[in-house]
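Notes to accompany the following structure.
Every read-out reported here was derived from the displayed coordinates using simple, explicitly stated rules and does not represent laboratory data. Please read these numbers as outputs of a predicted model, since none were measured by experiment. A quick note on method: Cβ atoms are made from the backbone with ideal geometry, for glycine too, and the neighbour counts reach across all protein chains shown.
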Amino acid sequence: MIYDIIPIGKPRMTRADKWKQRPEVMRYRAFCDEARLRKIHLPESGAHVTFVMPMPPSWSKKKREQMNGKPHQSKPDCDNMLKALMDALFDDDSSIWDCRITKVWGEKGQIIIRESV
């Protein structure tokens, strides 16, 4: 399944974030709401989650063509991105025991989930 949603990493949060409205926490909460609204399904095993990170608009057309589909090797980390997705989808994500993560550049932000048969 392909979900057109810009993936983000889970931010470090403190107790104060319950009432403080820091921009990164508000973006994370909006991401969680959107993930739930789109009813993203993540199986407990055998999933390959690909996070497609949107390329910055400031990049030239040539650079965009070169980087499309190439590994995304800067922040946010893939483990924080998976953590954000799993926290959005599950109250208790301990049932997920097997998952592969890939992070690449793309024209638009997406989360692609493939189940191995």
Task: Among [x] 15.1; [y] 14.5; [z] 16.0, the entry that matches Kirkwood radius over Cα pairs in Å as calculated here - done: [x]
- [ ] Rounded, prolate or oblate: pick one for the stretch 16-77, where a ≥ b ≥ c are the square roots of the eigenvalues of its C-alpha gyration tensor, a/c under 1.5 means rounded, and failing that, prolate if a/b is larger than b/c, else oblate.
- [x] oblate
TODO: Rank 88, 50, 23 by how far each Cα sits towards the positive end of the charge dipole of the chain (+1 on Lys, Arg Cβ; -1 on Asp, Glu Cβ) and give me just the farthest.
DONE: 23
- [ ] Compute the relative contact order of the chain as a whole-number percentage, counting only Cα pairs closer than 8 Å that sit 6 or more residues apart in sequence.
- [x] 49 percent
Open item on the list: Explain nothing, just the number: dipole magnitude of the stretch 2-115 about its Cα centre with +1 on each Lys and Arg Cβ and -1 on each Asp and Glu Cβ, in debye rounded to the nearest 20.
Closed with: 700 debye
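Could you pull out the pairs from 62/83; 10/39; 63/108 whose alpha carbons sit more than 23 Å apart here?
Cα-Cα > 23 Å for 62/83; rest within.
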Open item on the list: For the ranges 68-77, 82-91, what's the packing order if you count other beta-carbon atoms within 10 Å of each residue, average per peptide, and put the highest first?
Closed with: 82-91, 68-77
Open item on the list: Could you tell me the calculated FRET efficiency between residue 59 and residue 34, based on Cβ-Cβ distance and R0 = 22 angstrom, to the nearest 0.05?
Closed with: 0.30
- [ ] Mind jotting down the distance between the C-alpha centroids of the stretch 98-117 and the stretch 49-91, whole Å?
- [x] 9 Å
